[in-house]
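Q: Sharing a structure here in structure tokens format.
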Amino acid sequence: MAPSAQSGPKPPVHFSSSLTIAELAVLTGAHHISIHSESVIHPRARLDSLAGRVTIGRRCVVHERAMIGGSASSGLTSARSSVASPGVLSPTAAVAGSGGEASQSATPQSVTLGDYVTVEVGATIEAGGTAVGDGTVVGVGARVGAGAVVGKHCTLTPQSVVSPGEVVPDFTVVLANGMRRTDRRGMTELKNKGLARQIEVLRRLISSKPAKFA
Amino acid sequence: MSSRRPPRGEYIETDTGNKVARKATLVGTQNIMLGGKTVIQPDAIIRGDLVRTIHPSSQSGGNAAPQNNTAISIGRYCFLSRNCCLRPPGRLYKGAFTYMPLRMGDHVFIGAGSVVQAASIGSHVHIGAGSVIGEFAIIKDYVRILDGTVVPPNMVIPSFSIVAGQPARVIGEVPEGGHEAFELRDLYKTVGNNPQPAPH
Amino acid sequence: MATAFTPYSYIQCPCSDITLTDRRSGGSPTTSEPDGDDHAFDPRAPRSSFSLYPLEYLMYCEDCHQIRCPRCVAEEIVTYYCPNCLFEVPSSNLKSEGNRCNRSCFQCPVCIGPLAITSVETKPDPNLLAAPDNSATPLAGPYALTCSYCLWTSTEVGIQFDKHNGIHAQLAKLRNGGTTRLTAKERKERRKDPSYKGQPPPTDSQDLDHEAQFANLKAFYQGQLADPNAADAGLALLGDLGFSSPTSLSRIMSIYTGGGLLHDKKAKARLGAMREALDPDEGLLVASLDESAAIAKLRSEGLDGTASAAQRLGQAPNLVEPPLHGRERFLDSLRPVPHLLRTKRSKRCPVCRHIISKPESKVQTTRFRIRLVAGSYIPSISVRQLALSGGTGTGTSASGAAVPGAPLEPLKPAYFLLTFKNPIFETIKVTLGAPVTTPGRFASRVTVICPEFEVDANTDVWDEALKDNAERDREQRRRRGESISAGGGGINSANQLEVGKIWERGRNWVSIVVEVVPASLALAPGDPPLREDEDVLEIPMSVRVEWEAEMAGDEVGAAPSRSNSEAREKRELAYWCVLGLGRIRQR
């Protein structure tokens, strides 16, 4: 088994006691990383607070190789080496002000996830005042550009892109071909309940090692 | 040739001929079944720890059969490229969440960076690089999935299909003469601690 | 153009060229075409794209000893099945039920992803949010179809189902918005039912969809045909002129029924007494030319509410919403699309009608009873660019390819390695012929260094496999060394490639080198600009394969060559192929 690559500085963390974080998760950076109650961090997920603080709400699930925070300026490249990533757009601090929905403590280069957010395998959420609203699913390999504000209960289908600074309204479905739809299923409660069930199972299956990052 | 050989091989080669890269991430190895002669390249992730937590037999009572905890079973001559990720699909079952096993046949190629959460993949399947196979997809035998395809959850792909697009759709049929191209025996030989050149 | 070019080899099926099929008798060993370049196959000819196939797509008829392509084989359907539920559909059902799955398999009308049956969330009590366990039974109705990709749901068009199975039958009775719709069967029963007799017809023209209209029209005309006396009034009413007159109707019907009706005097007399449909119950559908509703809707919903052309084309034609002149234009009139059935097909040789491919009829098996693919009869050709750099000297260095897929430099010789792999159990003699210059506007020069060679038989694989690696390496080196030393000068520079010598030889394969001098793509002033893919360097090449085969006892007279009583006979097969080598760099 390969040793988990703990590269870069060890960030100050603020963990809820009820979170589940796999030993093989990777946390780097200088700013605070706070993860609220009952969230699950899968192995090989990367949280990078080099540019600004990373806040993850309650009952979020961050999957393998998801990249939260980090950007071109932090010198880190996405783990998805094979998938063609059109040159990472350099985030400018100018878009920082757009993080209206972000939590009150958002720093200009922060990343804030609401509650019940799922960040799927290999998805990237760039730092830079980026905010993802409650109940949103960031699909496999999807990319949320720096400073983008994704509303509540959105679905980013696999490999879709939200460009930097973009504001995505609530209940939007972002398709990989660039099209947008509105989610009219009205299933937010069911979805949240399902996620809660999933987290219950994950807490049993993943051995949590918060001490490693503290 | 031998001068630049590292002290430890890049791969762990098992008795059954599996070649598992040391840099691959296999979580929950006791729940991952490898059929033999399978190649797992560096930085691949296999989530064997996400096992099934609800067993239908245990609920209906009766004698508790020895629970099969296999989360991911992989057949012979499979090839898992770099950065791919295999994980069992999960869903709500009778109001509770459970993961279900992911089964793969023989001669399955999984391209670099692909994420696979299928319920079953048949034999002789080629999954291109950067593809996403959604949860509980069922892929039958002799299927070619082109690079960058997004197979939506629950999709069934019948045998001899060529599939592409986001979301995936069947764009063609594998011709009769194309069956042999799915064989991965030769590819198996080209990787490992002493790889052989690809034959003509 | 940014993507790397992958070399390819396509083979021409003889079906497209009549001259090719009977030129077997001519030809000397050196040139397969009597007149050389004059009749060289032009891969850029407009017709060529219809006859060129990768080897995998080609079949081979053992009786005609000829290549067969997907265009010339005759297909026969073995099995119909649904690609989603993989259930076989008996062919008798197709006529009555149509060519779509009539179980519960649907595709999303918005993104064509698969639709799953989900239960519609009953409105949760907002006060109970805190309680985590109020959804213990999630599989309770009503149900909806939900796309797992774009999250479209049938509730968006107002369709919900009471049961979670038999969705197709339920959907057939539902209109968008949830109102019920009569199926053809019910309509028929209703017509017979005396309790409905006195009532006005239950449908007005808005209610008619394609299926209902067709059913009404069919019933109407069948009724008239069965009862020739009843329509006298109609004849008097309509007169004998105009497009709805019986004579023009009979003329039209005779056109579409092959004129058979005209000769049938009785039928003619009967047709003379027919009239047209007059109300919706008889299948009359007045074109709705008033589009103000659609315009108003477009104003209120905007472009996002409209369906794209692809979405409209994807709709199942007999299940759509109010039809004909106003094809569904808005997203809310789209309906779930039942999966089109897929088939397993057997293939026959178009000439001798022998079966050359026959899959097992069961849906779940992938085996074939008969599968005569060209790849097991004719040699495969793989193409690789060769970097012939000076200096290193030994043969091993030359096996490394140049930057794969990189554009070819104009007017600079490039070398390509063609590897012919023999699939049959006899040694084959291969003769290649290529025009000196490629056809088309930009003529590149082509030289086949070794146009004639033998490829060893595809002997038992184990002979090769049992040798250990080192021995095999040595042998390969020896083979290569042979060919090089025979050339006398090694392969340090391109000019010293020995003409007539193969490059490398293996168990059942031989590599030879082709030298090409790509043309310059410089355009003279006034020339038309470069067409798409005109920068691709494609060379036509005729391949003649000769071998000695054992006389098969059962195919007497099938062999084209003189069949003597000896156990072995000479066989040959000649065809054109096209090698795509790379793109030429543009200045």
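The values are calculated or read from the model by the stated rules, or taken from the named source; none is laboratory data. Bear in mind the structure is a predicted one, so any value in this text is a computation, not a measurement. In this analysis, Cβ positions are derived from the backbone assuming ideal geometry, glycine residues included, and neighbour counts consider all displayed protein chains. We work out accessible area using only protein heavy atoms, side chains counted, and drop any ligands, DNA or RNA first. Shrake-Rupley method; radii C 1.70, N 1.55, O 1.52, S 1.80 Å.
Q: Could you please give the count of residues in region C:333-376 that are more than 21 Å from the chain's Cα centre (by Cα), closer than 30 Å to C:W509 by Cα and surrounded by 21 or more Cβ atoms within 10 Å (Cβ to Cβ)?
A: Selection size over region C:333-376: 0.
Q: Could you tell me whether any residue of region A:71-89 is at pLDDT 90 or above and open to solvent by less than 10 Å² (accessible area, probe 1.4 Å)? Spell out how you get there, then give the answer.
A: Restricting attention to region A:71-89, the residues satisfying the condition of being at pLDDT 90 or above are none.
Scanning region A:71-89 turns up no residue that is at pLDDT 90 or above and open to solvent by less than 10 Å² (accessible area, probe 1.4 Å).
Q: Step by step: first the residues of region C:120-147, then only those that are at pLDDT 55 or above and more than 15 Å from A:R184 (Cβ to Cβ), then the one that is farthest from the other protein chains (Cβ to nearest Cβ). Which residue is that?
A: Here is the first cut: in region C:120-147, the ones at pLDDT 55 or above are C:120-122, C:140-147.
Those still in the list that are more than 15 Å from A:R184 (Cβ to Cβ) too: C:122, C:140-143.
Values: C:T122: 10, C:A140: 11, C:G141: 14, C:P142: 13, C:Y143: 13 Å.
Here the residue is C:G141.
Matching residues to (1) touching a residue at least 40 places away in the same chain (Cβ under 8 Å); (2) part of a loop (DSSP other than H, G, I, E, B); (3) open to solvent by less than 30 Å² (accessible area, probe 1.4 Å):
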residue	(1), (2), (3)
B:T98	yes, no, yes
B:A118	no, yes, yes
B:H126	yes, no, no
B:F136	yes, yes, no
B:D141	no, yes, no
B:Q166	no, yes, no
B:G172	no, no, yes
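Q: Here are some conditions: (1) open to solvent by less than 30 Å² (accessible area, probe 1.4 Å); (2) at pLDDT 90 or above. C:E75 meets all but one. Which one does it not meet?
A: All conditions are met except number (1).
Q: Still on this structure: Do any residues in region C:277-292 that are among the charged types (D, E, K, R) have Cβ atoms under 7 Å from those of residues that are in a helix (DSSP H, G or I) and open to solvent by less than 60 Å² (accessible area, probe 1.4 Å), where the two are at least six apart or on different chains, and which pairs are they?
A: C:D281/C:N216; C:E282/C:N216; C:E282/C:F220
Q: Also: Please determine, by comparing only the residues of region C:496-522 that are closer than 22 Å to C:T427 by Cα and assigned to a strand (DSSP E or B), which one is most open to solvent (accessible area, probe 1.4 Å).
A: It comes out as C:R505.
Q: Please find, within region A:3-28, the residue that is modelled with the highest pLDDT out of those that are within 14 Å of chain B (Cβ to nearest Cβ) and open to solvent by 50 Å² or more (accessible area, probe 1.4 Å).
A: Only one residue tops the list, namely A:E23.
Q: Working only within region A:137-167, note down all residues that are part of a loop (DSSP other than H, G, I, E, B), more than 13 Å from chain B (Cβ to nearest Cβ) and under 17 Å from A:K191 (Cβ atoms). It would help to see each step written out before you state the result.
A: Start the filter on region A:137-167 by keeping residues that are part of a loop (DSSP other than H, G, I, E, B), which leaves A:139-142, A:145-148, A:151-154, A:157-160, A:163-166.
Keeping just the survivors that are more than 13 Å from chain B (Cβ to nearest Cβ) gives A:145-148, A:151-154, A:163-166.
The answer is A:G151, A:K152, A:H153, A:C154.
Q: Does region C:523-530 include one or more residues that are touching a residue at least 60 places away in the same chain (Cβ under 8 Å) and either buried (at least 23 other Cβ atoms within 10 Å of the Cβ) or within 34 Å of the chain's Cα centre (by Cα) (or both)?
A: No, region C:523-530 contains no residue that is touching a residue at least 60 places away in the same chain (Cβ under 8 Å) and either buried (at least 23 other Cβ atoms within 10 Å of the Cβ) or within 34 Å of the chain's Cα centre (by Cα) (or both).
Q: Taking region B:16-57 on its own, how many of its residues are more than 18 Å from B:V108 (Cβ to Cβ) and either buried (at least 21 other Cβ atoms within 10 Å of the Cβ) or not β-branched (V, I, T) (or both)? I'd like the intermediate steps shown before the answer.
A: Just the residues of region B:16-57 that are more than 18 Å from B:V108 (Cβ to Cβ), to begin with: B:22-23, B:25, B:27-31, B:42-43, B:49-57.
Imposing the further condition that a residue be either buried (at least 21 other Cβ atoms within 10 Å of the Cβ) or not β-branched (V, I, T) (or both) reduces the set to B:22-23, B:25, B:27-28, B:30-31, B:42-43, B:49-52, B:55-57.
Total satisfying the criteria: 16.
Q: Quick one: in region B:35-51, which of the residues that are at the interface with chain A (Cβ under 10 Å from one of its Cβ atoms), in contact (Cβ under 8 Å) with a residue 24 or more places away in the chain and charged (D, E, K, R) is nearest to A:I199 (Cα to Cα)?
A: Here the residue is B:R47.
Q: Here is a further query. Here is a list: C:R571, C:R562, C:R585. Which entry is surrounded by fewer than 16 Cβ atoms within 10 Å (Cβ to Cβ) and either modelled with pLDDT of 80 or more or hydroxyl-bearing (S, T, Y) (or both)?
A: Values: C:R571 fails: surrounded by fewer than 16 Cβ atoms within 10 Å (Cβ to Cβ); C:R562 fails: either modelled with pLDDT of 80 or more or hydroxyl-bearing (S, T, Y) (or both).
Going through C:R571, C:R562, C:R585 in turn, the sole match is C:R585.
Q: Among the residues of region C:88-119, write down those that are within 24 Å of the chain's Cα centre (by Cα), over 17 Å from C:A172 (Cβ atoms) and either modelled with pLDDT of 90 or more or within 13 Å of chain B (Cβ to nearest Cβ) (or both).
A: The answer is C:E88, C:P90, C:C108, C:V110, C:C111, C:I112, C:G113, C:P114.
Q: Can you tell me which of A:D134, A:D170 is more than 9 Å from every other protein chain (Cβ to nearest Cβ), closer than 30 Å to C:L145 by Cβ, modelled with pLDDT of 90 or more and surrounded by fewer than 21 Cβ atoms within 10 Å (Cβ to Cβ)?
A: Details: A:D134 fails: surrounded by fewer than 21 Cβ atoms within 10 Å (Cβ to Cβ).
From the options A:D134, A:D170, the qualifying one is A:D170.
Q: On the given criteria, is B:S159 within 12 Å of chain C (Cβ to nearest Cβ), within 12 Å of the chain's Cα centre (by Cα) and part of a loop (DSSP other than H, G, I, E, B)?
A: Numbers: within 12 Å of chain C (Cβ to nearest Cβ): yes; within 12 Å of the chain's Cα centre (by Cα): no; part of a loop (DSSP other than H, G, I, E, B): yes.
It is false that B:S159 is within 12 Å of chain C (Cβ to nearest Cβ), within 12 Å of the chain's Cα centre (by Cα) and part of a loop (DSSP other than H, G, I, E, B).
Q: Sort out which residues of region B:36-55 are within 19 Å of B:T190 (Cβ to Cβ) and assigned to a strand (DSSP E or B), and write them in order of number. Break it down stepwise before answering.
A: Of all residues in region B:36-55, those within 19 Å of B:T190 (Cβ to Cβ) come to B:36-44.
Listed by number, the residues that qualify are B:G36, B:V39, B:I40.
Q: Something else about it: How about region B:174-200: which of its residues are out of contact with any Leu (no Cβ under 9 Å at 6 or more places or on another chain), aliphatic (A, V, I, L, M) and not in a helix (DSSP H, G or I)?
A: Across region B:174-200, the qualifying residues are B:V174, B:L184, B:V191.
Q: Further question: What single numbered condition from (1) modelled with pLDDT of 80 or more; (2) assigned to a helix (DSSP H, G or I); (3) farther than 18 Å from C:C108 by Cα fails to hold for C:R270?
A: The single condition C:R270 does not satisfy is (1).
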